[in-house]
Amino acid sequence: MRLTQRSPQLTPSPPRWSRDLAEIWGIQNIVIEQLSPQVLGEQLQLRSLTAGLTWRKKAHLRAASYWFSHVSPEADHRDLAQRYREAHYHLVELQEWPIAQQILWMPLGRYPLHRQLWFWGHHHEALELLSPLLSQVGESWQCFLLYEIGQVQTVLGNHEAAHQAFQQQIALAQTLQLPRALVKGYGGLGRLYSYYQAQVPKARHYYQQQLQLARHCQDDLEESLALDGLGRVGFLCGQWRQSTQFYRQAWQLIQTLDEPEMQQSLFLRLEGSCLRWSSVKKHRRPFQHQLEIAQSAGNPLQIWEAAHNLASADAQTQQYEAALASFEVAIAAAKESQNSRNYSISMAAQGACYARMNAWPQAIACTKSAIPGIQQAKDPVAEAICWFNLSYCFSELHQPFQALRCATQIRRLAYQTASGYIWGMFYLAIAYAQWQQRHWIKSLGLAGFGIFYLGWWRSADGRLALAKLFSVLRMIMRQ
């Protein structure tokens with residue numbers, strides 16, 4: 001009898017993120033090769049046949065098994081994610097914590113379930129998966145869960161809960177001697193205080209901690225994220241060129257890693273930073289291209305960033321109708337990702353676009369509706385821009401008292417942040433209100449202060465203000 005030699009079956013290589021389980025979080029009890037719906041479905045089906053189980057337990061086990069076992073070959077990642085979430089619900093009801101933990105790491109393409117929900121902007125759904133496990137797991141798992149919960153709470157605007165989660169996670173990382181987890185904790189606090197609290201000294205401190213530890217651990221991804229965070233700090237201080245330098249360093253570093261989503265996000269922030277001080281025309285095409293990529297991937301966070309920057313570029317080149325259309329795309333993406341900060345920022349920018357079109361009622365309505373969300377996000381630069389745009393609109397409508405009231409809000413923010421950029425907006429707002437009251441000399445002097453603080457040599461806004469001042473002077477000279 002002739003024996004035929006079987007060709008060896010190739011075992012699929014574990015996903016690239018699987019090493020994070022042990023190397024970052026110290027989690028040892030997850031076997032990636034067993035994380036498939038077929039394997040988990042069979043395990044749960046066998047468990048449901050165990051003698052002595054109550055009807056309730058059997059029902060939940062069979063329901064969880066059903067969501068794993070009856071998967072269509074044509075099911076896409078979103079359908080799979082919904083199935084995994086349904087199975088997770090039944091396992092939590094049964095307090096089957098080990099299998100419920102594994103579901104978080106079920107692969108969906110390039111990412112596990114909990115991370116893919118984040119990229120889709122489904123933050124409430126991610127929190128529903130993470131929170132029930134926190135009190136039922138060991139310390140390594142708690143460290144991981146606290147970090148993820150801190151990130152989700154940050155985006156959802158629950159800042160105190162996010163702060164507490166990150167602080168607990170950092171303490172656990174120190175106790176367990178997990179240096180890379182410690183790096184992530186400092187990065188989470190930096191993001192909380194730069195994007196959602198806008199407390200520059202704290203944000204800079206945490207990002208510098210993250211950068212120092214990331215370089216010590218030779219963690220290129222976290223080093224790139226720390227440089228990205230320091231770019232945000234530069235933005236908050238109105239230091240556009242320094243901000244761009246940090247973003248460029250972060251983007252160059254991330255190019256060496258297999259992180260396409262991060263590469264796209266950093267590229268968008270780099271180009272958006274360049275808009276603040278360099279020529280607009282050369283940046284529009286990359287935004288359009290990145291928007292198409294984000295839309296094809298169905299990533300609402302990146303759709304928002306690309307559409308918002310594209311709209312801003314169009315507004316600066318006076319393509320107002322195109323800008324308004326892109327702002328609508330950005331606003332819709334912010335709603336889908338449940339990100340109130342991004343929604344408010346796009347609403348405010350849409351109001352500024354209406355102001356450039358001299359559509360004062362629409363500009364005031366959009367800007368007023370954006371201010372509460374921006375105040376909740378505690379973004380002083382975005383809030384100052386809102387008050388400046390309102391002040392400008394009221395000045396144009398010959399309502400100087402209302403314009404000056406808005407300017408006092410800008411002064412409050414300037415004292416709060418010590419930002420030269422915000423001081424520049426304050427002086428320009430006062431100057432324009434004074435101009436409408438025919439206080440010519442005083443207005444020109446204040447405008448000069450505003451342009452100096454904005455820095456016409458380093459800021460697109462400063463150059464715009466300078467051009468406006470020259471046009472006023474030419475008008476005076478003709479009279």
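The values are calculated or read from the model by the stated rules, or taken from the named source; none is laboratory data. Source: prediction; values computed, not measured. Using ideal geometry, Cβ is built from the backbone for each residue, glycine included, and neighbour counts are taken over all protein chains shown. Only protein heavy atoms, including side chains, enter the accessible area calculation; ligands, DNA and RNA are left aside. Shrake-Rupley method; radii C 1.70, N 1.55, O 1.52, S 1.80 Å.
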Study note, to complete from the structure: For the range 355-445, the accessible surface attributable to carbon and sulfur atoms (probe 1.4 angstrom, ligands and nucleic acids excluded) amounts in percent to 56
Review point. Rounded to the nearest whole Å³, what is the per residue volume of the convex hull around the Cα atoms of the range 67-209?
Key: 108
Review point. Over the heavy atoms of residue 47, what accessible area does a 1.4 Å probe trace out, to the nearest 10 Å²?
Key: 90
Check your understanding: Once the Cα atoms of helix 300-316 and of the chain are each reduced to a long axis, what angle between those two axes, in degrees from 0 to 90 to the nearest 10, is obtained?
Key -> 20
Exercise for review: Using 0.36 nm per residue of separation minus the Cα-Cα distance, give me the extension gain between residue 76 and residue 110 in nm, one decimal.
Suggested key: 10.9 nm
Exercise for review: Give me the accessible area per residue for the chain, probe 1.4 Å, as a whole number in Å².
Suggested key: 47
Review point. For helix 440-454, what angle does its Cα long axis make with the longest principal axis of the chain, in degrees from 0 to 90 and rounded to 10?
Key: 30
Practice item. Can you grab the distance from the C-alpha centre of the range 291-351 to the C-alpha centre of the range 96-128, Å, no decimals? Key: 27
Practice item. Compute the long axis of helix 400-417 from its Cα atoms, compare it with the longest principal axis of the Cα atoms of the chain, and write down the angle in degrees, 0 to 90, nearest 10. Key: 50
Point to revise | Sequence of 335, 184 from largest to smallest accessible area, 1.4 Å probe | key: 335, 184
Study note, to complete from the structure: The base-10 log of I(q)/I(0) that the Debye equation returns for the range 314-376 at q = 0.14 Å⁻¹, one scatterer per C-alpha, is -0.36
Exercise for review: Classify the range 127-191 as rounded, prolate or oblate from the Cα gyration tensor: take a ≥ b ≥ c as the square roots of its eigenvalues, call it rounded if a/c is under 1.5, otherwise prolate when a/b beats b/c and oblate if not.
Suggested key: oblate
**Study point:** 29 Å Cα-Cα threshold exceeded, pairs from 202/442; 184/378; 57/184
**Key:** 202/442; 57/184
Check your understanding: Does the range 7-150 classify as rounded, prolate or oblate by the C-alpha gyration tensor (a ≥ b ≥ c root eigenvalues; a/c under 1.5 gives rounded; else a/b over b/c gives prolate, otherwise oblate)?
Key -> rounded
Exercise for review: Label the range 65-134 by shape, choosing from rounded, prolate and oblate, from the square roots a ≥ b ≥ c of the eigenvalues of the Cα gyration tensor; if a/c is under 1.5 it is rounded, and otherwise prolate applies when a/b is larger than b/c, oblate when it is not.
Suggested key: oblate
Practice item. Can you tell me the equivalent ellipsoid semi-axes for the chain? Use √(5λ) from the Cα gyration tensor, largest first, whole Å. Key: 50, 22, 21
Practice item. Roll a 1.4 Å probe over the protein heavy atoms and report the accessible area of residue 213 in Å², nearest 10. Key: 50
Revision key, fill the gap. In the range 407-449, the trypsin sites (Lys or Arg not before Pro) that sit in a DSSP loop and have at most 14 other Cβ atoms within 10 Å of their own Cβ are 438
